[in-house]
Amino acid sequence: GGMLAAALLLVVVAAAGPGPGRAQRDALREELLLSPLPNGDMAATFQFRTRWDADLQRGAVSHYRLFPKALGRLVAALGVRELHLALTQGFWRTQAWGQPPLQAPAGAELWVWFQPNVTDVDKAWKELSNILSGIFCASLNFIDSTNTVTPTASFKPLGLANGTDHHLLRYAVLPREVVCTENLTPWKKLLPCGSKAGLAVLLKAERLFHSSYHSQAVHIRPICRDASCLAVSWELRQTLTVVFDTFSSGQGKKDWSLFRMFSRTLTDACPLASQSRVYVDISPKNKEKELLEATPPPASVHEAIVQGDKKTYAVYDLLSPSLFNTSRSLNVQLKWKRPQDSSDLPTPILHAQRYVSGYGLQTGEISTLIYNTHPYRAFPVILLETVPWYLRLYAHTLTIITKGKENKPSYIHYQPAQDRRRPHLLEMLIQLPANSVTKITIQFERALLKWTEYPPDPNHGFYVSSSVLSALVPSVIAMKDMDVEQSPLFTSLFPSSDGSSYFVRLYTEPLLVNLPTPDFSMPYNVICLTCTVVAVCYGSFYNLLTRTFHVEEPSRGGLAKRLANIIRKFRGVPPL
Amino acid sequence: GAQLQLAVPVAVVFAPGSVPGDLPRPLPFRDVQEMEISVNLRAGITSRHQMLYRSTTAQEEAALGAATAREADAALRLLQDTSLGSLTLYVIPETSSLLPQGISIYVGKHRSALVRAGGGLAALRARLQQLTQVMSFTASSIAAALSDRVPDSQLGPDARRHLKSSLGYEITFSLLNPDPKSHAVDWDIEDAVSRYVQPVLDKLSLVANFSVDSQILYYAVLGVTPRFDKESSSFLLSAHSLPHVINPVEARLGSSAASLYPVLNFLLYVPERSHSPLYIQDKDGAPVSTNAFHSPRWGGIMIYNVEAPASPQASLPLHVDVDMVRVMEVFLAQLRLLFGLSREELPPEFLVESLGNEGLADWELDRLLWAHTVENIATVSTTLTSLAQLLDKIGNIVIKDDVASEVYRAVAAVQSAVAELATGHLHAAFQASKEAVTSSERAFFDPSLLHLLYFPDDQKFAIYIPLFLPMAVPILLSLAKIVREARQRKKDPTKMD
């Protein structure tokens, strides 16, 4: 693997973009990664990274150029050290799509590290979620103590950090949140070029939400300004991942092009960006190790080892003047030469499933299956479960079974829930043996809620947020250390530890659990019934009290009756 | 209604040789001039000028012996009562050479002025009264402060321009570059703010908290397509289209999510290359010399044209360094205008000391404080009245103890503000009025008031309809029967038995 490990950088570095001479302390890089997924779908990952060589925390900075003012002020005012917000519609299917570049749980996820000088973290957290909910038009204001946890091991700071006192961390997921256009528009507004130029012109809402998976995120973190790391820079990464089902939208063909996916093509780079690139994953998919062929032919090819796989990328540099020389727009496309043998999907090394089992509305069981398909390496994984208080977990029923034997976790952090105050938090470090399935089960009892605590449409069920798996997965191929500033953005969000493993964070499916739900119309029914009974009683009483009764004397009848009886007598019928 | 008294302590100091002959009493003596300010409110407002007439001390006399008015002003400053709102007016002999020819009143940087003697006491009094109003408040400035509560007919066209009184303001400078492909615009806003804006804000820090920030917005366009004028080969924005300019830009400006203070926006717009040069036309069609306009209570916009490059082949983007002196001149003038501190409407015999670096004279600060104090008191009374009206209307709102105590605190503070105003302690009055605003708003916007707001009576009635309806049926039927029988009886009275 030594030769394969050589990550060739064949990219022609284009001349730096527009450079206002004085005090250019912020820089924008934009990048689009197009990767065909194992089952034939297409994933497009946009990343926009604004790096600002200024210390937001000092409070003195208030003059913004590329960095959005709204977020900058938030970070400075509330003492945020690191902020990660993801809004996701759909679920990343790891088994069919492989390891995600950046996965996020369905719904809204927010995790924030605060500065050590923040005295009341809970207050700052509440205020932060309210402001973010205003900025992104999302219901983040529903984040409160009942869905906020402080994980101890799963979420380490991704940026520069001195000391990781986890009391400064807050994590919350709203699995019920629906993501749509109103969340995309403010996200786009944070980009320096908006959606007017550069890669962002492809972000048309009606295409992006016509997809199998849509996840948009904002990551803010402090990073080292240079190799010596004496000063701090701030980095804002806006990422957007979308998965298109090319098969169903392309009349049975898996061919794709930018225009077919986004109904737009690229015409220019954002004039403010110092780098603007499109990467297309053209790694061989068949036995013959033949590279895929993308048109127009790329100017350069980039090879890298990403998540334990050797990958080859075609690179289109939008800032290179030669790109738009021949044609006015760039419409990257890929045609399959022969029908792809889609029978065997490569299984990712780490993947997981979760489900609820049991019957009735009293008890149930949450089961999580974690797969390690590595042929010979065992590795540990950190599992984080957040369960709302209304599912009362029985901690003594927690069992972890691997290959028929009990697997004792080397670290457990369990924080039981308090009714209406905080959720259950369960964090475990579990060793996954090579080529194994680990089953984790825990039983729970469903609580009865007060009638005002039910959300609208309670019979839909209650969501339990995804559990989080964080692991350093051993790589089959050794990786080489890269310079973060030079490497493509999609490889550089998570810090790489060493050459032999790579970091993966996976989210399982969110769960939908039914709780015993009362018949909400019952009080009204009772009122109706009671009222009717009362009204009927009242009616008869009223009649009894107000009617006058006469004794009716029998009379011989009137003239008509006598006439009728005469006729009846003639006919031989008995008289009336 | 209640009476609001605004007392201005004024010391009138006569230099030797300037004492009018017809003084009623020998110096020193006190006198009060009361004046009703009618703003057509339930509460009447009276201004009381508490005049103290005296002659100069030896030190003041020495200071007045300076060569120029400016030097005299600087020297006198050390000898004055420096409390906010108080004024010291020096009357100098008619023949004094301190003031230039044709100028009879000199207003200094601080809380004093020089007045040329002349005519009798009545003429002097009229002049002093006018001067005192300029340096403290006039009926129209008080009316402008109460502009939301005064009928429209009483207000001048500019009355609603002033910013409402608030505990803080956020000032945002935005550079709009709609065409980053052609123009790489750079501005040294950091330096410009510290050099030109900060001195003014330091003075104003007594009035409110200020925060300043700036941003650059790309691809932000105005909402109006300018008209091309062949004669001048330039693009024109006419005055009547200006109201439509702001809306699309405003969506990009971003609201201040982190605070609740009103935002003052100052936009510098560099027109795109295809629309350059761009000029604003006033109502008569003449170009506006500053190429800027302001929007009341919102901020200002200035258009900054980039000179076309000498050769058309010059490589794009064109690098532009904004001339911040020119820009800040306009923005500062707009800032003063928005705070109601413009100096336009003074008569010609007034000479007002130019400010240089300080940006704001002490007496201008006082003017602002007078207006804001009155406005704060009016705001508190409106807020508390609305709260009371709300409680009258919806009886089942629960007022918690902390809300009640905020209301009491607001009432106490507003009473002390009124008392301080009546005794001429402007600073204390302003602080109390600020406190009253804070407390009253906290009470009015307390979330606990909202709990029962949406439980209307018609819903309760709807629940009991199943009871009322069946019960009503026999009653209505028998009523109908009674009516029918009564009618029958009237028609056919003989059948009665």
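Using just the C-alpha positions of the stretch A:346-430 as equal point scatterers, what log10 of I(q)/I(0) does the Debye formula give at each q in 0.22, 0.23 1/Å? Summing over Cα pairs of the stretch A:346-430 leads to -1.24, -1.31. Pop the C-beta distance of B:Arg297 and A:Asp144 into the FRET formula with R0 = 30 Å and round what comes out to the nearest 0.05. With a Förster radius of 30 Å, E is 0.25. Each Lys or Arg adds one and each Asp or Glu takes one away; over the other residues whose Cβ falls under 13 Å from the Cβ of A:His424, this sums to -1.
Shape of chain B from its Cα gyration tensor (a ≥ b ≥ c, root eigenvalues): rounded if a/c is under 1.5, otherwise prolate when a/b > b/c, or oblate? In terms of gyration-tensor shape, oblate. Distance between Cα centroids, the stretch B:322-387 to the stretch A:388-427: provide it in whole Å. Here the answer is 64 Å between Cα centres.
Spin-label model, A:Ser540 to A:Ala378: label points 7 Å out along the Cα-to-beta-carbon direction sit 8.0 nm apart.
Averaged over peptide B:211-224, the number of partner chain Cβ atoms lying within 10 Å of each residue's Cβ comes to 5. When each of the peptides A:222-234, B:367-379, B:126-138 is scored by the mean number of other C-beta atoms lying within 10 Å of its residues, the order from highest to lowest reads B:367-379, B:126-138, A:222-234. A Förster radius of 25 Å combined with the Cβ-Cβ distance from B:Thr423 to B:Leu346 puts the calculated FRET efficiency at roughly 0.30. Restricting the calculation to alpha carbons of chain A gives Rg and Dmax of 32.9, 131 angstrom. Spin-label pair A:Ala161-B:Leu79: with each label point 7 Å from Cα along the Cα-Cβ axis, the two points sit 6.8 nm from one another. Taking every residue in B:473-481 and counting other chain Cβ atoms within 10 Å of its Cβ, the average works out to 3.
The dipole here belongs to the protein assembly as shown: it is taken about the Cα centre, uses +1 on the Cβ of Lys and Arg and -1 on the Cβ of Asp and Glu, and is about 4680 debye. Positive-end ranking of A:Phe155, A:Ile131, A:Pro36 along the dipole of the stretch A:31-247, with charges on Cβ about the Cα centre, is headed by A:Ile131. First check a/c for the stretch A:171-242, with a ≥ b ≥ c the square roots of the eigenvalues of its C-alpha gyration tensor; if it is under 1.5, answer rounded, and if not, answer prolate when a/b is larger than b/c or oblate otherwise. Since a/c reaches 1.5 but b/c is at least a/b, the shape of the stretch A:171-242 is classed as oblate. Between A:Leu369 and A:Arg420, the modelled label-to-label distance comes to 4.0 nm, taking each label 7 Å out from Cα in the direction of the beta carbon. Peptides B:389-399, A:78-88, A:317-327 ordered by packing proxy, namely the average of other Cβ atoms within 10 Å per residue, highest first: A:78-88, A:317-327, B:389-399. Within the shell of other residues whose beta carbon sits under 11 angstrom from the beta carbon of A:Ser283, the net charge comes to 0, with Lys and Arg scored +1 and Asp and Glu -1. Legend: mean number of C-beta atoms from other chains within 10 angstrom of residue C-beta atoms, peptide A:538-548, equals 3.
Judged by the gyration tensor of its Cα atoms, with axes a ≥ b ≥ c, the protein assembly as shown is oblate; a/c meets the 1.5 cut and b/c is at least as large as a/b. Near A:Leu512, the amide H atoms lying under 5 Å from its own belong to A:Val464; only residues 5 or more places off or on other chains count, and H is placed 1.01 Å from N.
With a Förster radius of 35 Å applied to the beta-carbon distance between A:Tyr411 and A:Tyr454, the computed FRET efficiency rounds to 0.45.
For chain A, a crude dipole built from +1 on the beta carbon of Lys and Arg and -1 on the beta carbon of Asp and Glu, taken about the Cα centre, is about 1840 debye to the nearest 20. As a proxy for reagent exposure, ranking B:Arg54, A:Arg571 by other Cβ atoms within 10 Å from fewest up yields A:Arg571, B:Arg54. In terms of the mean number of neighbouring beta-carbon atoms within 10 Å, the peptides A:559-568, A:454-463 order highest first as A:454-463, A:559-568.
Taken together, the values in this text are just the output of simple stated rules run on the coordinates, not laboratory data. Note that this is a predicted model, so its numbers are computed, not measured. Ideal geometry is used to build each Cβ from the backbone, glycine not excepted, and the neighbour counts take in all protein chains shown.
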